[in-house]
Amino acid sequence: MKSENWNSRLGVILAVAGSAVGLGNFLKFPGQVAMYGGASFMIAYVISFFVVGLPIAMAEWTMGRHGGANGYHSPVGIMGFFGRTKKMAYVGITSVLLTLMIYCYYIYIEAWCLGYALNFLAGALNFSSIDDSAKFFGDFIGASENGAVLKISFSGVFAFFIFSFALNFWLIHRGVSRGIEFFCKYAMPTLIIIALVIVVRMMTLSDVSPEHPERTINQGLGFMWNPVKIVQERRDSSGEWIFEKQLVGNIEIARAEKEIAASKTSSGEPEIRLRKISVFEQLMNPTIWIAAAGQVFFSLTVGFGAIMTYASYLRRRDDIVLSALSSCSANEFCEVCLGGLITVPAAVAFLGISGAIGAGLSLFDLGFKVLPMFFTSMPLGELFGFLFFFLLFLAAVTSSLSMLQPSMAFIEEAMRIKRNFSTLLLGVITFFVSGFVVYFSKDLKAMDTFDFWMGQVAIYVFAMVQIIMFAWYFGIKRGIRLANEGSEIKLPRFYGFILKYITPSALLLVFAFWLAYDVFGILGDGKISPYILDLTGGEGREPNMVARICITIMIMVYGFFAAILYYSNRYDRLERIKK
C-alpha cells in the first residue's frame, strides 16, 4: 500500500496540537485548577510538563518518525520495531486499544458540545438557576436512566452523536493529509480566534453578581495565580480547626476579620481564624502532583501512542524537535492562557471561591452546568454560549481523529487492506462500543469505567513502558541522535539524563502514589477506589454489571487485535532486525 505523508510542517504541527488541544484544555484543566486551589496546581503542572510531558513527547516524536521511515505507522509496528521482536508488538496493541476505547466515550462528550452549541444558537437555553442548568444537562445526556437518549430530539444527545460519529469517520476515511491535516488547518486557527474573542469578553465583564460585589473576574484571576492562600477555619466542638473556605481579595478578608471579632466567646477566644498556607505547604500534598501529572498526560496526548502514529508520517529529515516544541507550546497556550482564563474567572465571578472549588470537583460541572448559566445571564449570552461550545466541538474533533488513526494504521498495516474496508471494520467496532456507552448513560457508569481503566491506568503503564524502551533498551544516545537528525534546534546532552533517569523515576513515583492514594486506599482516606469495587463488590457495594461488561469489551477488543497481529506476517521480519 502507498505510504501517506503530511503535506507541510505547519500541517503536522497543527494536527499534533489539535490532538492535544481538546476537552481537557477547556473543561478538565479549569476544573483541576479550581479543585486544587489555583496557583499551587499551576506550579505542579508546569514542573510536570517539563519533567514528564515534554520528554515523553520528544520520545514519541522520535520513535514515530524512525518507525515510519522503516515502514511502520502504527504503535504496534513501531513498538515491535524498537523492541526488535514481534512479542513487543503485543505491547503496542495496548496503545491501539486505549486510544480506541477513549474515542468510544470521547465521541459521546463531543456530541454534548455540538448539542449545546446548536441549542444556544437556536435560543433554546435559558436558565434561571444552577439547578435548572443541571436538570437540562442530566436530561440531555440521559444520566437518569439507561437508554433515555435513544430518541431524535434537539433536547437529547443522540442525533448529535450520530452526526459527530459520521463526521469523524468521513474525515478519517479521507486519510492523513486530505482528512486530518485538512480539518486541523482550518479548525485550529478558528478555535483559537473564538477563544480569544471569549477571553476578551470575559475580561471586560463587570457586575457579574451585583448582590456579591466581591465576586469579580479579577478575583478569579487572583485565585488562579496567587501562590499564597488565605483560608478561613472554624473551631469545632472538639477544639480542632476545620477548613471552611478560601478567601481572595480585600473585601472578603475584611468581612472575615469582622466575623472573627464578632465570634469571640466569653473567654475572649474567637471561633474563627484566618490562616496563610504557603505554596510549599500546598505542594507537599501528593494529590496535587498526581492530578498535575495526569492532566499533562491527557492534555499533551502523551502516553497514548497517538503522537507516535502522527510522527510516523513525517519524512526522514523533517525537524521533530522544533515540531514537538511548537505543538506542545500551542497546547499550553490554549490550555493555560485560553481555557484557564475563560472558565476559572467566570466560575469565581459567578459562584465565588467556595462555589468554584465545589464545581471543580466534577469534570463536567463547570463546563455544562455553571458556564451555561453564566452565558444565559450575560448580554449576548446566546452568541457567546454558541461560540464557546462550538469551540469545544472543534477541539474535540481534532482530538478524536488522533484517537482513531492508531487503530486505522494498525488495521491497514497488519491486514494489508484498502481504506474503504479498514474504515468499515473500524466503524463497526467503534459504533458498537460507543453505542454501548451512549445506551448505558445512567450516572455515566460506562463512560467513567472506560475512562478509569483506559484513560488513566493504561496510559500510565504504556507511558512507562514506552520511555523505558526508548531510553534504556533502544539507547538514549541513539535516541538523542535520531531526534537531532534534521533539527534546527538540537536537544542538549543533559536532556538524555532527564529522559533516562528523571522522567521514568517521576512517572513511577506518581503512579505509585496514585495507586496508594486513589486506587487501593493504602494512604489518604483509606478507601478503595469505587472502580475496583464495581468489579469485586465489597464495602457495602454490589458488583456493577455495566462495569464488568466494560472490562469484558476491553478484553474482547484486545483479543481481536491480538489475533490480527498473530496471523499477520507483516511483523515477522522484526525478529531478524539487529539491535
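Each value in this text was obtained by applying a stated rule to the coordinates, not by laboratory testing. These figures come from a predicted structure and were not determined experimentally. Here Cβ is always computed from backbone atoms with ideal geometry, including for glycine, and neighbour counts include all displayed protein chains.
For the range 61-155, the set of trypsin sites (Lys or Arg not before Pro) satisfying both a DSSP loop assignment and a count of at most 12 other C-beta atoms within 10 Å is given as LYS151.
Each Lys and Arg adds +1 at its Cβ and each Asp and Glu adds -1 at its Cβ; summed about the Cα centre, the range 129-219 shows a dipole of about 620 debye.
Measure off 7 Å from each Cα along the Cα-to-Cβ vector at ARG481 and ALA254, then give the distance between these two points in nanometres to one decimal. So the two model labels end up 6.8 nm from each other. Among the chymotrypsin sites (Phe, Trp or Tyr not before Pro) in the range 88-184, those placed in a DSSP loop whose Cβ has at most 12 other Cβ atoms within 10 Å are PHE154. For the chain, the Cβ-based charge dipole about the Cα centre amounts to some 2660 debye (Lys, Arg positive; Asp, Glu negative; other atoms uncharged).
Report Rg/Rh for the range 92-189, rounded to two decimals, where Rg is the Cα radius of gyration and Rh the Kirkwood radius.
1.05
Between the helical axis of 286-300 and the longest alpha-carbon principal axis of the chain there is an angle of about 50 degrees. State the percent of C-alpha pairs, over all pairs in the chain, separated by a distance greater than 37 angstrom. Result: 33 percent of Cα pairs exceed 37 Å. Once the gyration tensor of the Cα atoms in the range 1-103 is diagonalised, the equivalent ellipsoid follows with semi-axes of 31, 17, 14 Å, ordered largest first. Sequence-ordered 3J(HN,Hα) estimates for the range 94-110 from the Karplus curve with 6.51, -1.76 and 1.60 and θ = phi - 60° stand at 4, 5, 4, 5, 5, 5, 5, 5, 4, 4, 5, 9, 5, 5, 5, 5, 4 Hz, glycine and proline given as x. Close amide H contacts of SER263 (hydrogens built in the peptide plane, cut-off under 5 Å, sequence separation of 5 or more or a different chain): GLU271. If you wrap the tightest convex hull around every Cα atom of the range 409-466 and split its volume per residue, you get 78 Å³. Compared with the direct C-alpha span, the chain from ILE162 to MET556 gains 139.4 nm at full extension, assuming 0.36 nm per residue.
Residues of the range 457-479 with an amide N closer than 20 Å to a point placed 7 Å from the Cα of LYS490 along the Cα-to-Cβ direction: 475-479.
Here's the picture: charge each Lys and Arg Cβ at +1 and each Asp and Glu Cβ at -1 in the chain, and of THR449, GLY524, MET378 the one pushed furthest to the positive end of that dipole is THR449.
Pairs exceeding 19 Å between alpha-carbon atoms, taken from LYS151/LYS442; LYS135/LYS245; LYS185/LYS490: LYS135/LYS245; LYS185/LYS490.
Residues MET101, MET415, MET469, MET42, ranked from the fewest to the most other C-beta atoms within 10 Å, line up as MET415, MET469, MET42, MET101.
Distance between the modelled labels on TYR501 and LEU424, one decimal in nanometres: 5.6 nm (7 Å Cα→Cβ projection).
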